[in-house]
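A short write-up of the structure that comes next.
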Amino acid sequence: MDIAQPSNENKKPNYSAAGYVKVLAPGTVANLVCGFDILGMCLNEPNDLMEVKLLKEKKVIIHSADGYPLPSDPAQNTAGAPLIEMINELDSPTGFEVTIHKRIKPGSGIGSSAASAAGAVVAANHLVGNVFSNKDLVRFAMFGEKVASGVKHADNVAPCIFGGITLIRSIHPLDIISIPSPDLFVTIVHPQIEVRTKDARQILRKEVLLKDAIRQWGNIAGLVAAFMQNDLDLIGRSLEDVIIEPVRSILIPGFDEVKMKCKEAGALGGGISGSGPSLFMLSRDEATAKKVQTVMQEIYNQIGLEYHTYVTTINKTGVKIIAE
Ligand code: HSE
């Protein structure tokens with residue numbers, strides 16, 4: 001069966017001799033416009049850097065390396081909460097000491113909390129001999145998302161762990177499908193305002209009109225088919241959201257203009273990255289992605305809002321071990 005469930009028996013760790021690992025935990029774009037909570041894509045830039053040390057006692061310690069006020073209580077920390085779940089499923093007293101170099105700003109919409117959660121569980125799994133599957137790691141990492149946004153969702157942590165583009169068909173039970181990723185370029189603009197995922201979820205309507213649901217289903221199915229067939233025009237047509245974007249876009253200055261002008265500059269399409277405020281656009285080549293970046297820069301210069309931009313590609317491997 002292709003679904004991850006907690007096992008009845010705890011796992012026996014096979015400890016790494018080094019007892020230390022350093023990982024790059026990538027940013028992600030959740031939702032991919034039409035697939036609220038069910039589609040996500042992993043990015044090559046930006047990344048958090050995380051260092052994890054093995055402890056031989058049941059304990060999780062969290063340090064923030066660069067002054068970000070991250071919660072130090074592990075149960076309230078997006079990296080700590082998943083590790084508490086993991087050590088409860090090991091049959092020997094095990095713990096982890098985590099140092100987070102936060103490069104993906106919290107509240108950016110580029111999967112900051114997911115990077116911490118996914119980076120922590122991939123690193124920790126490496127230190128116990130990879131006894132857990134990737135789907136187990138997503139199951140643990142969702143506890144970090146719950147700390148961050150009040151709700152478990154896997155559309156950032158799954159692509160962060162698996163790499164590429166993932167479809168989360170269901171989280172109860174967890175059912176994740178990797179979708180082939182086209183060789184597209186991604187341009188991101190992060191206007192320097194903070195949108196908390198919790199707030200961006202609270203403003204959503206709880207009910208959806210059937211006609212909107214039908215349009216959204218068409219777009220989600222179209223987008224998945226387009227990725228599978230590498231049909232770039234169909235990707236562009238399917239990047240439409242009639243349910244979430246009309247509500248959330250009002251939180252993001254310049255949203256309509258960015259979307260319209262980036263498409264005029266040749267982008268296939270795009271929209272809000274996760275719960276925002278970052279916006280992303282997909283382009284078929286690097287030259288177009290850079291033109292799109294210039295358009296974004298011009299708009300935010302004119303608005304007078306500080307921003308960061310990235311031109312990157314789809315990361316097909318997810319969290320990466322870079323030293324041990
Ligand atoms: N699917 C989540 C949301 C992603 O849009 O609220 C948050 O990054």
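Values quoted throughout were computed directly from the atomic coordinates according to the rules given, and no laboratory measurement underlies them. Here the structure is a predicted model, which is why all the values come from computation and not from measurement. When we count neighbours, we look across all protein chains shown, and the Cβ atoms used for this are built from the backbone with ideal geometry, even at glycine.
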| said: Give me, ordered by chain and number, the residues 5 or more places off Leu39 or on other chains with an amide H under 5 Å from its own placed amide H. | reply: Asn31, Ile168
| note | Membrane-span-like helices (DSSP H runs, Cα span along own axis at least 18 Å, mean Kyte-Doolittle at least -1.0) in the chain -> 112-127, 134-149, 210-229, 286-303
| message | From the gyration tensor of the Cα coordinates in the stretch 185-313, what semi-axes in whole Å does the equivalent ellipsoid have, largest first, with each one equal to sqrt(5λ)? | response | 23, 21, 11
| In nm, what is the difference between 0.36 nm times the number of residues separating Ala18 and Lys206 and their Cα-Cα distance? | 62.8 nm
| task | Output the pairs from Lys291/Lys316; Lys102/Lys152; Lys59/Lys316 with a Cα-Cα distance over 27 Å in this structure; if there are none, say none. | result | Lys59/Lys316
| request: For each of Leu32, Leu268, count neighbouring Cβ atoms within 10 Å of the residue's Cβ, then give the residues from fewest to most. | output: Leu268, Leu32
| query | Between Ser92 and Glu264, what is the FRET efficiency for a Förster distance of 45 Å, r being their Cβ-Cβ separation, to the nearest 0.05? | reply | 0.15
| Rg/Rh ratio calculated on Cα atoms of the chain (Kirkwood radius) | 0.97
| Using modelled backbone amide H atoms (1.01 Å from N, in-plane), which distant-in-sequence or interchain residues come within less than 5 Å of Gly318's amide H? | Gly163, Gly164
| note | Which residues qualify? For Tyr307, with a placed amide H closer than 5 Å and at least 5 residues away or on another chain, they are Gln192
| Alpha carbon convex hull of the stretch 153-226, volume per residue in cubic angstrom | 152
| In order through the stretch 156-161: 3J(HN,Hα) via Karplus (6.51 cos²θ - 1.76 cosθ + 1.60), integer Hz, x for Gly, Pro | 9, 5, 5, x, 5, 8
| field | Relative contact order (%) - criterion: Cα under 8 Å, at least six apart; region: the chain | value | 25
| So what's the back-of-envelope 222 nm ellipticity for the chain, counting only DSSP H runs of four-plus at -39500 (n - 2.57) apiece and dividing by all residues, rounded to 500? | -10500 deg cm²/dmol
| note | Under the 7 Å Cα-to-Cβ spin-label approximation, Leu232 and Ser170 lie apart by a distance in nanometres of 3.7
